[in-house]
Amino acid sequence: MSTAAVQQGTKWWSGGRSPFNASYGKVMMWYFLMSDAFTFGAFLISYGTIRFSVNNWADPNHVFNAFPFTGHDANLPLAFVSLMTFILIASSVTMVLAVHEGHNMNRKGVEKYMIMTIIGGLAFLSCQAWEWTHLLTGEHVAMLSDGTLSVLPTTVKSNPWGAALPHEAIAAALQTTPHNQLTEIAGTLHHAGGEAHNVAAMSNAELIKFIESSDLHASNTGPIAFGGYFFGITGFHGFHVFSGVVINLVMLAKTRMGHFDQRGHYEMIEKAGLYWHFVDLVWVFVFLCFYLI
Amino acid sequence: MSAHASSPEITFHAEHSGTTKRIWKTFWLLSALTILELGLGLLIYNIHKGDNPNHTLVLAFKGMVCILTLAKAYYIVSVFMHLGDEIRNLIMTIVVPLCLFIWFIAAFLWDGNSWKTLRNRYNGMPAPVEKVEPAAKEKGAKD
């Protein structure tokens, strides 16, 4: 450590100075982040406990294989979430560069990097909004508990991420599926089939024939806890990103108004930076627990 | 070193180097670790796709991904959050309480696993019914 010479013989605990050699605000930010780490840790560990306690869990490579503007049938596991991860790492770098400019008392530099960090945060939130929308309006077909097939989105109540059904099971289930569910399933298929079919006018037998000819994939319903954990934890993290963006906007405004130049130091940027890096740190673990393993 | 005058309780200010070389080095390191993780993730995906996935192999790769994640966390906290530049007292007051996670993770994953074992052993079994013989009437007892 470059500061070893200063530390020699310093009585850290005898009063008159911070034993942590940091301002009150910075130490308290660290303690807040530590408690927040335990909150996130508790959520993720609870998710792990439930995941360990069931025999089958949703396969992330199957659930998260979509990418904007690539169409319904694209299979791109890990692609979109890697984009989100890189956005957050990049915004972390611009944040640490803003802190660095603050040490040099360079107001213009701080403003530039704060704006870049805010843009990164907004880009991440937009990605998350797209992903949630995609899952909540999903077009996957699953077998319900009454043995019929239905289009089932991913929500906190149910999801279609169980084991894939064999072809014969799908054919048998179609026979007992009521008309409105058949129309809905057929409605998800016609953009894959090319020519548009008027599914509303078809009879049950015609619908079943149409569905079977387009090689329908269907599965059992997935573990009920999946949606709640996914939306709960990524939502809680997204809320942290959102509040981080708000904090950064306030810091940008205060920088522009010259508050930190008047004060003689940019320590507020450091504290906001600690929070922003923590958001990135949590994402590293969310990325691990939901998408990679 | 800048003209800090932040708080009188601060004994000395950490030396901040004039260049951003270390920041960019850490950025490339984090990117490389993420790409490595993605590579392992795709490897796991391809093993899973096969007819007979080797579960030990999958578990080993998942363990490697976890270790890479811990490495990323270390670099973010140490370099980006500057915890590595703080004095030992501050580092310890943050890091020591976090050791609770070792027990936290081990105990609860163990619990989940035991839950699964019990579920698989007892699910589908009829619930045990306790059979109690009606007590024999004692001689001379009144009804």
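Summary table below
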quantity	calculated
Some residue of the stretch A:239-258 being surrounded by 20 or more Cβ atoms within 10 Å (Cβ to Cβ) and in contact with a Lys or Arg (Cβ under 7 Å, 6 or more places away or on another chain)	yes
Any hit, the stretch A:182-203, residues being closer than 20 Å to residue A:291 by Cβ, within 31 Å of the chain's Cα centre (by Cα) and of a type outside the set (Lys, Arg)	no
Every residue from the stretch B:56-114 that is surrounded by 15 or more Cβ atoms within 10 Å (Cβ to Cβ), more than 8 Å from every other protein chain (Cβ to nearest Cβ) and aromatic (Phe, Trp, Tyr)	B:61, B:75
Top-ranked residue of the stretch B:41-55 - restricted to ones that are assigned to a helix (DSSP H, G or I) and more than 9 Å from every other protein chain (Cβ to nearest Cβ), ranked as farthest from residue B:26 (Cα to Cα)	B:55
Lone qualifier among B:50, B:18, B:41 - being more than 22 Å from residue A:31 (Cα to Cα), in contact (Cβ under 8 Å) with a residue 24 or more places away in the chain and among the small types (Gly, Ala, Ser)	B:41
Of all residues in the stretch A:41-78 being small (Gly, Ala, Ser) and more than 9 Å from every other protein chain (Cβ to nearest Cβ), the one that is surrounded by the most Cβ atoms within 10 Å (Cβ to Cβ)	A:58
Which listed residue is buried (at least 17 other Cβ atoms within 10 Å of the Cβ), in the same structural domain as residue A:42 (by TED's automatic domain parsing) and not in a helix (DSSP H, G or I), from A:265, A:277	A:265
Helices (runs of 4 or more DSSP H) lying entirely in the stretch A:150-216 (those with 3 or more residues that are at pLDDT 80 or above and farther than 30 Å from residue A:60 by Cβ)	A:179-193, A:204-213
Filter result for the condition that a residue is surrounded by fewer than 16 Cβ atoms within 10 Å (Cβ to Cβ) and either within 12 Å of the chain's Cα centre (by Cα) or not assigned by TED's automatic domain parsing to the domain that holds residue A:245 (or both), over A:88, A:83	A:83
Answer residue from the stretch A:248-293, given it is at the interface with chain B (Cβ under 9 Å from one of its Cβ atoms) and of a type in the set (Ser, Thr, Tyr) and is nearest to residue A:78 (Cα to Cα) among those	A:291
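The values are calculated or read from the model by the stated rules, or taken from the named source; none is laboratory data. On a predicted model such as this, the values are computed, not experimentally measured, just so you know. Positions of Cβ are backbone-derived with ideal geometry, glycine not excepted, and every protein chain shown enters the neighbour counts.
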